[in-house]
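Notes follow the structure.
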Amino acid sequence: MHFKKISLWLLSFFCLISLSYLGLSNRQSSSNSTTIDFFNQKPEVAESYQHLAKLYQKSHPNIKIKVTTVGNSNGASALQAKFISGDAPDLVMLGGLPEVDRYHNRLISLDNMAIQKKIIPSLKSGGRIYGKILGIPVDLEGYGWSYNKAVFRKAGIDVKQIHDYASFKAAVQKIASQEKQLHLSGVFAFNGADTASISSFSAQFLSQAYHNNLTKAYHSQNLDWQYSKQMKAYTDLIKKYNVQPILSVRYDASVEDLFFNGKVAMVPQGNWIIPTLDGLKKNFTKDNLGMLPYYVKGQSKIMTGSSWYIGITNEHPAKEKAAKAFLNWMYTSAASENVIVNEMRYVPATINFPLSKLPDPVSKEIYKIGTSKQASVPVHKQFPNGFSQEVIGPNMQRYFANKMSWQNFIDQTSRKYNQLRQIQGGK
């Protein structure tokens, strides 16, 4: 009996010791874990970033990636609020040099990251300011006229015959002449209600003066209207052949209804519409999506660039190493590559990516152009804060509504641009 009591006592003792050890072990494991806060401004890929976070955590159990997504024009203000409140994230998605500059004192230099050797050279200036690289491009985007191959085919349009503005205009007029037979609502679905689309449209004519250098564009105190004549020609063509009223056309409807259902021949968008289109119908992009450039003097290729850059804040020094490791993993690992290319449908911002791994012809074309010596990057993301929403967008809308002459559009837009640049800097 005495022996049994001792045995029970020893068993209880060892159980307590084991439980205490396990508790200590768990506390140590918990104390060794790190949470990386990632602020994302692209809602359309929020789920995919969550997927990437889970994949990374699976192979890095002591690292938790917390993704916060705020977009649709609210991202910039939400990010600023986080910094002001003392709740700054570790990884931040930034919309061009104005945002990079705004937070440059709160971002670490990424110059020494190994991934820099793989980034497409023409994209680097969008994340470099004051002699330091503070952001890495999210992806490579191509922007031009997305056209519906089925509509072009029915209209008898041979894309190979389109090589300048005159042949582009002739194709537009030919499609317009068959509008009823083709059951079209218009040739174009330019979403005049969206100031962001107007801003990126303007970049087709305002970018050439900066010779692929986004830093130079950001430092410019004045807009260069060297190609305003070509811009007016395209704008007037849109006014004449667009779905009406043009100011009522919104982004979602223009892509998901008008373009997808063949009610228009073209939308002024880029490869970011691919996930939406293929989500509506598998292989729609492969079968029906093509892209044409804007034909401006010296330009006959689709413009390629990156609208978003990822930086690392200096708010939490103990997390910088883990944040760098996750960022590097996103750009180099096979698991991340699969999500980014096949789920997000991003075109990678890195050199020497195998074309065979890109899932559709448009993505392959954009990558070939974007990595070539002929690459031309759009500059609209380097415009001063508020310029797109408060100046060029509303002024273009007034021109579309015949409430402003073209010369007044040029004059007023230029004056307000200069005012904003003087206030915000960029020097």
Extreme residue, surrounded by the most Cβ atoms within 10 Å (Cβ to Cβ), among residues of region 252-300 that are modelled with pLDDT of 95 or more and closer than 17 Å to S167 by Cβ = A265
Within region 39-55, track down each residue that is open to solvent by less than 30 Å² (accessible area, probe 1.4 Å) and either free of Cβ contacts under 8 Å to residues at least 60 places away in the same chain or under 16 Å from the mean Cα position of the chain (by Cα) (or both).
-> F39, N40, Q41, K42, V45, A46, S48, Y49, A53
In region 224-251, residues that are in a helix (DSSP H, G or I) and open to solvent by 60 Å² or more (accessible area, probe 1.4 Å) total 6
Is one or more of the residues making up region 105-112 open to solvent by 10 Å² or more (accessible area, probe 1.4 Å), of a type in the set (V, I, T) and outside any strand (DSSP E or B)?
-> yes
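Yes/no per residue for (1) surrounded by fewer than 19 Cβ atoms within 10 Å (Cβ to Cβ); (2) over 23 Å from the mean Cα position of the chain (by Cα); (3) part of a helix (DSSP H, G or I):
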| position | (1), (2), (3) |
| --- | --- |
| E337 | yes, no, yes |
| I340 | no, no, yes |
| V362 | no, no, yes |
| S372 | yes, no, no |
| V391 | no, no, yes |
| P394 | yes, no, yes |
| Q419 | yes, yes, yes |
Mind listing whichever residues of region 171-218 are open to solvent by less than 40 Å² (accessible area, probe 1.4 Å), over 30 Å from G156 (Cα atoms) and free of Cβ contacts under 8 Å to residues at least 24 places away in the same chain?
-> A209
Scanning for something out of contact with any helix residue (DSSP H, G or I) (no Cβ under 9 Å at 6 or more places or on another chain) and in a loop (DSSP other than H, G, I, E, B), does region 267-274 turn up at least one residue?
-> no
Is region 270-291 home to any residue that is touching a residue at least 12 places away in the same chain (Cβ under 8 Å) and closer than 30 Å to R415 by Cα?
-> yes
Subset of region 56-85, residues crowded, with 18+ Cβ neighbours inside 10 Å, of a type in the set (A, V, I, L, M) and not in a loop (DSSP other than H, G, I, E, B), comes to I63, I65, V67, A76, L79
Only one of these conditions is not met by Q221: (1) buried (at least 23 other Cβ atoms within 10 Å of the Cβ); (2) at pLDDT below 95. Which number is it?
-> (1)
Among V100, V159, V92, V138, the single one that is open to solvent by less than 60 Å² (accessible area, probe 1.4 Å) and within 30 Å of L182 (Cβ to Cβ) is V159
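The values are calculated or read from the model by the stated rules, or taken from the named source; none is laboratory data. All figures in this text were calculated on a predicted structure; none of them were measured in a lab. Every residue, glycine among them, receives a Cβ derived from its backbone with ideal geometry; neighbour counts consider all protein chains shown. Heavy atoms of the whole protein, side chains included, go into the accessibility calculation; ligands, DNA and RNA do not. Shrake-Rupley method; radii C 1.70, N 1.55, O 1.52, S 1.80 Å.
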